[in-house]
Amino acid sequence: MARLGELIGSIELDAGALPAALPYITLVSRYLLPALALIIVVRCAVSMLSGRPQSEIWGYITNPNGGRTNLTNWENVVGRAASSDVVLDYKTVSRTHAALTRDAEGRWSVMDLGSKGGTTLRGRPVHGPTPIHSGDILTFGGVAAVFVASTASEEQERAETREMPGFRVRAGVTLLFLTLFCLLLTLQLCAAAGDELSIAVPATFLALIVIIWCCYVITRALNRRGFEVETLAFLLISVGFGVTAHSDPGVLPKELICLLAGLVIFFVVGSFLRDLGRAKKMRWPIAAMGLLLLAVNLVTASSIFGARNWLSIGSISFQPSEFVKIAFVFAGAATLDRLYARRNLVLFVGFAALCVLCLAAMSDFGTAAVFFAAYIVIAFMRSGSFATVLLSLAGTVFAAFIVVTARPYVMQRFATWGHAWDAPNDGGYQQVRAMASAASGGLFGLGAGRGWLHNIFAADTDMVFAVVTEEFGLIMALLTVAALIVLAVFAVRSSGYARSTFYAIAACAAVTILLFQVTLNVFGSLDILPFTGVTFPLVSKGGSSIMATWGLLAFVKAADARQNASFAIPLGRKRLPRRERKEAEEE
């Protein structure tokens, strides 16, 4: 594959064969590309965020006063606290008293969460997870309640009445705008390259368009109508390929292969998450594999620009830390029956500490900061305790002090922070040129392939936001950030309606990693934050980052609670005939 990429990248086209009007494409597309990107982002945002999310009802609990509380998740907390899913406002009921959980087969169980008044099922005390059935009487601290589970026919009927995505904003129409975006970008790059044009550029973008539509067809064949997550990701990929086409066009075939591998990871992880029980069982084996990968990297990797974060196997080089992000999210996500187990939380804290320590030992402090940000979000979602978060932050400050003392060059980066213009040819070399180039781009940019910043080191990775601003303009650069913000808002919004806390925590952790990376990349290149050398997801050049980001997007997709939206959520059974449905209800 590497030889194929070099062969394609070495082929050059005759500029005289291009249409005479091609140079004028740059002038027109400078304004059309941001407009198309804006349309794509807005259409996806409207489709994902408009309307009120519709909860799924899996059963209900009847209160002593005759009230009824619907169970809208597979995992529900019963307690006196207002944040509980089932609120029983009685003094004998603890704030978090018990948990009602459902598995993928529709089997329910109840578990006491260390309450003072205890939980009983048919008069018998409950401690660990205990199976329950529809019509069972449960007692929480002496307060009796009746549990009723929804039947399969009721679940199917409700599923058919829920609104499916894709009717207000057609995904196919949005993809037409994305296709036009890719075509205009290709023409602009061809015009800018002139007689140095490599066939790898048009060939890669043509292949990208085919991949986009094939992915959409596969999704529709699976009877899934939600395609906004993938559309925003492909938009970012298109911009990233546009940057790489100027800085290093010979790498484009390899980037395309990594995109295909990333899509395979996306669908495999999403399909794996369909079986929640299997996902829970595999969390710690996957975490162990992640630690092993970091350990091998730490022992065998050689130092590149101060960091030992690359692992080479033959002619293939990759960053293990990128793939460990997926394992980190797997280990951090937990369902309710494990959420309150102190041993489970302690294991995750230990796992997180080992990951961060390994990355610090590799001198990859930017990625270590990304992992820590994800840990803070997971720790708070699992414990709900600010004390846990504050204790973790205090420990991190102490560890950071030790690192700065042991590694003086880290302190040098902090010394440069905010003073890049004081040392334009020394510590602030990259930031000064990034800021100057970004300012020269204005609102609409100089045109794809017409920037200068690609000449400095790591322009298409660590400084990619400045490159996008220079060549595509500030509007386009902000839209790339907005695309990830839309994904983050969607994940947080969906987490409240996700079937399981596993999906909710995993989605929030995944978007935390993506957003924190963007924050470090954008603000670091503009000297607003210390420069850490973290990539911009899907826009920066790098096969490992592309593949790992698609794996993280699978968690966001799994949290999508809209009807027929996510392939990670199994569809309900087919609608039963009226007579069979009536008989099932009577049973």
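Laid out as a table, the results:
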read-out: Residue match in the range 506-529 (condition: touching a strand residue (DSSP E or B) at 6+ places or on another chain (Cβ under 9 Å), part of a loop (DSSP other than H, G, I, E, B) and not aliphatic (A, V, I, L, M)); value: no
read-out: Breaking point among (1) over 20 Å from residue 375 (Cβ atoms); (2) buried (at least 22 other Cβ atoms within 10 Å of the Cβ), for residue 523; value: (2)
read-out: Single residue of 203, 159, 191 found to be among the aliphatic types (A, V, I, L, M) and under 19 Å from residue 29 (Cα atoms); value: 191
read-out: Top-ranked residue in the range 70-84 [being surrounded by fewer than 22 Cβ atoms within 10 Å (Cβ to Cβ) and within 20 Å of residue 153 (Cα to Cα); ranked as farthest from the chain's Cα centre (by Cα)]; value: 70
read-out: Residue 279 being among the small types (Gly, Ala, Ser), at pLDDT 80 or above and open to solvent by 20 Å² or more (accessible area, probe 1.4 Å); value: no
read-out: Residue match in the range 224-245 (condition: in contact with a Leu (Cβ under 9 Å, 6 or more places away or on another chain), surrounded by fewer than 20 Cβ atoms within 10 Å (Cβ to Cβ) and in contact (Cβ under 8 Å) with a residue 60 or more places away in the chain); value: no
read-out: Scan of the range 130-151 for residues that are exposed (fewer than 14 other Cβ atoms within 10 Å of the Cβ) and not in a strand (DSSP E or B), ordered by number; value: 133, 134, 135, 142
read-out: Qualifying positions in the range 160-188 - among the hydrophobic types (A, V, I, L, M, F, W, C) and open to solvent by 10 Å² or more (accessible area, probe 1.4 Å); value: 164, 167, 169, 171, 173, 176, 177, 180, 183, 184, 187
read-out: Criterion: among the aliphatic types (A, V, I, L, M), in a helix (DSSP H, G or I) and touching a Phe, Trp or Tyr at 6+ places or on another chain (Cβ under 8 Å) - qualifying residue of 252, 206; value: 252
read-out: Unique match (being out of contact with any Lys or Arg (no Cβ under 7 Å at 6 or more places or on another chain), surrounded by 24 or more Cβ atoms within 10 Å (Cβ to Cβ) and not in a helix (DSSP H, G or I)) among 536, 555; value: 536
read-out: Failed criterion for residue 45 (all others in (1) of a type in the set (Gly, Ala, Ser); (2) open to solvent by 40 Å² or more (accessible area, probe 1.4 Å); (3) farther than 25 Å from residue 142 by Cβ hold); value: (2)
read-out: Odd one out for residue 300, checked against (1) modelled with pLDDT of 85 or more; (2) over 26 Å from residue 515 (Cβ atoms); (3) among the β-branched types (Val, Ile, Thr); value: (1)
read-out: Filter result for residue 89 (open to solvent by 10 Å² or more (accessible area, probe 1.4 Å) and within 19 Å of residue 152 (Cβ to Cβ)); value: no
read-out: Qualifying position, being within 16 Å of residue 330 (Cβ to Cβ), at pLDDT 80 or above and open to solvent by less than 50 Å² (accessible area, probe 1.4 Å), among 352, 379, 369, 373; value: 352
read-out: Criterion: closer than 21 Å to residue 56 by Cα and not hydrophobic (A, V, I, L, M, F, W, C) - qualifying residue of 151, 92, 139; value: 151
read-out: Residue tally, condition modelled with pLDDT under 80 and in a helix (DSSP H, G or I), over the range 321-338; value: 3
read-out: Checking residue 107 against (1) at positive phi; (2) under 33 Å from the mean Cα position of the chain (by Cα); (3) open to solvent by 70 Å² or more (accessible area, probe 1.4 Å), the condition it does not meet; value: (1)
read-out: Breaking point among (1) more than 16 Å from residue 49 (Cα to Cα); (2) open to solvent by 10 Å² or more (accessible area, probe 1.4 Å); (3) of a type in the set (A, V, I, L, M), for residue 513; value: (2)
read-out: Output for the range 459-500, where each listed residue is open to solvent by 10 Å² or more (accessible area, probe 1.4 Å), more than 21 Å from the chain's Cα centre (by Cα) and closer than 15 Å to residue 241 by Cα; value: 460
read-out: Tabulated pairs, the range 107-134, first within 15 Å of residue 92 (Cβ to Cβ) and without any contact (Cβ under 8 Å) to a residue 40 or more places away in the chain, second acidic (Asp, Glu) and surrounded by 14 or more Cβ atoms within 10 Å (Cβ to Cβ), C-beta under 7 angstrom, 6+ apart or interchain; value: 118/112; 119/112
read-out: Qualifying residue in the range 429-443 (condition: open to solvent by less than 10 Å² (accessible area, probe 1.4 Å) and in a loop (DSSP other than H, G, I, E, B)); value: no
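One line per residue, one yes/no per condition, for (1) in contact with a strand residue (DSSP E or B) (Cβ under 9 Å, 6 or more places away or on another chain); (2) open to solvent by 40 Å² or more (accessible area, probe 1.4 Å); (3) modelled with pLDDT under 60:
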| residue | (1), (2), (3) |
| --- | --- |
| 309 | no, no, no |
| 343 | no, yes, no |
| 363 | yes, no, no |
| 398 | no, yes, yes |
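The values are calculated or read from the model by the stated rules, or taken from the named source; none is laboratory data. Owing to the predicted nature of the structure, the values given are computational and were not obtained by experimental measurement. Here Cβ is always computed from backbone atoms with ideal geometry, including for glycine, and neighbour counts include all displayed protein chains. When the accessible area is computed, the model is the full protein with side chains, heavy atoms only, and any ligands, DNA or RNA have been set aside. Shrake-Rupley method; radii C 1.70, N 1.55, O 1.52, S 1.80 Å.
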